[in-house]
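What follows is calculated from the coordinates using simple rules that are stated; it is not laboratory data. On a predicted model such as this, the values are computed, not experimentally measured, just so you know. Cβ coordinates were reconstructed from backbone atoms using ideal geometry, including for glycine residues, and neighbour counts include every protein chain displayed.
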There are 2 protein chains.
Amino acid sequence: MEKSTICPRFEKGMQILSKRWTGLIVSQLLTGPQRFCNIESSFPISGRILSERLKYLEQEGIVKREVYPETPVRIEYSLTEKGIALAPVIREIQNWSTDWIEPAQ
Amino acid sequence: MEKSTICPRFEKGMQILSKRWTGLIVSQLLTGPQRFCNIESSFPISGRILSERLKYLEQEGIVKREVYPETPVRIEYSLTEKGIALAPVIREIQNWSTDWIEPAQ
DNA sequence: CCATGTCGTTTACTTTACGTAAGTTAGTAT
DNA sequence: ATACTAACTTACGTAAAGTAAACGACATGG
């Protein structure tokens with residue numbers, strides 16, 4: 001295993017996107033801000049990993065976490081500008097999937 | 001962990017792209033057909049995993065493996081039509097990385 | 001013939017990531 | 001007090017990935 005000959009920014013971007021679930025979480029948040037339990041029920045991710053990923057994406061400046069001290073307290077996750085900028089990536093993955101993945105596995 | 005409420009094709013596409021290294025392998029092969037050792041030296045992937053991923057991508061119909069019985073034997077990996085169709089996805093990830101990832105980590 | 005080298009791949013073993021299930025905390029309702 | 005929900009967190013087992021060494025096919029050189 002040697003060092004890269006490719007662009008480190010691209011490598012880092014890929015690293016984020018190729019972490020399991022991050023793409024789906026971003027695509028889900030592109031439909032609008034929402035709470036933990038809503039994301040959790042959108043695809044078969046475990047709560048433990050969703051929690052871990054949201055924290056990671058927050059660190060990467062892609063996701064924003066906001067606490068609304070209502071009653072009951074509401075915690076809402078949304079995309080930052082950096083996260084919203086991933087929309088074209090998600091769109092292209094959707095296009096490719098529609099064109100090249102067979103509907104029935 | 002529950003079932004998905006999202007498009008299964010998109011979920012499958014995401015699954016492929018969010019497997020570690022697949023995006024980088026595809027982006028490397030977009031620069032042209034090449035052999036194992038060349039891909040291996042493009043980024044810090046281990047030979048064991050590169051071998052595993054190429055087999056996986058071949059199964060998914062994204063990568064094509066061709067053996068040229070020269071001396072020494074040459075094995076060349078290239079993208080299928082399905083693989084080449086990933087170019088816009090890779091391009092958008094590159095754009096996003098250029099715009100949003102800081103050069104020095 | 002036997003040692004040496006290369007390429008792609010495989011095996012054995014360790015480390016890290018992920019999945020499952022149960023527990024925690026804070027607030028609300030019954 | 002008890003029960004319930006949302007959002008985590010902890011503990012633990014399994015699966016995936018990393019490291020290092022070895023393998024088989026072939027070629028070359030002594």
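General observations
- Amide proton proximity set for B:Lys64, modelled H, under 5 Å, gap of 5+: B:Ser78, B:Leu79, B:Thr80
- The other copies place their A:Tyr56 label points at 1.4 nm from this one, listed shortest first, where each point is 7 Å from Cα along Cα→Cβ.
- For B:Phe36, label point 7 Å along C-beta direction: distances to other copies, nm: 4.6
- Computed on the Cα atoms alone, the convex hull of the protein assembly as shown gives a volume of 129 cubic angstrom per residue.
- Summing charges over all other residues whose Cβ lies under 14 Å from the Cβ of B:Arg65, with Lys and Arg as +1 and Asp and Glu as -1, gives 0.
- Converting phi to 3J(HN,Hα) with the Karplus coefficients 6.51, -1.76 and 1.60 and the offset θ = phi - 60°, segment A:86-91 yields 7, 3, x, 4, 4, 4 Hz in sequence order, with x at every glycine or proline.
- Segment B:9-96, relative contact order in percent, only Cα pairs under 8 angstrom and at least six apart counted: 30
- Loop-resident sites, segment A:16-105, for GluC sites (Glu not before Pro), counting at most 13 other Cβ within 10 Å (DSSP): A:Glu70
- With its label point defined 7 Å out from Cα along the Cα-to-Cβ axis, A:Pro88 lies at 1.2 nm from the matching points of the other copies, in increasing order.
- When the Gaussian network model of chain B links Cα atoms closer than 10 Å, the mean-square fluctuations of B:Thr22, B:Thr71, B:Thr80 top out at B:Thr71.
- Geometric descriptor of segment B:9-96, per residue, is 100 Å³ (volume of the convex hull of the Cα atoms).
- Residues A:Leu30, A:Leu79, arranged from fewest to most other Cβ atoms within 10 angstrom of their Cβ, appear as A:Leu30, A:Leu79.
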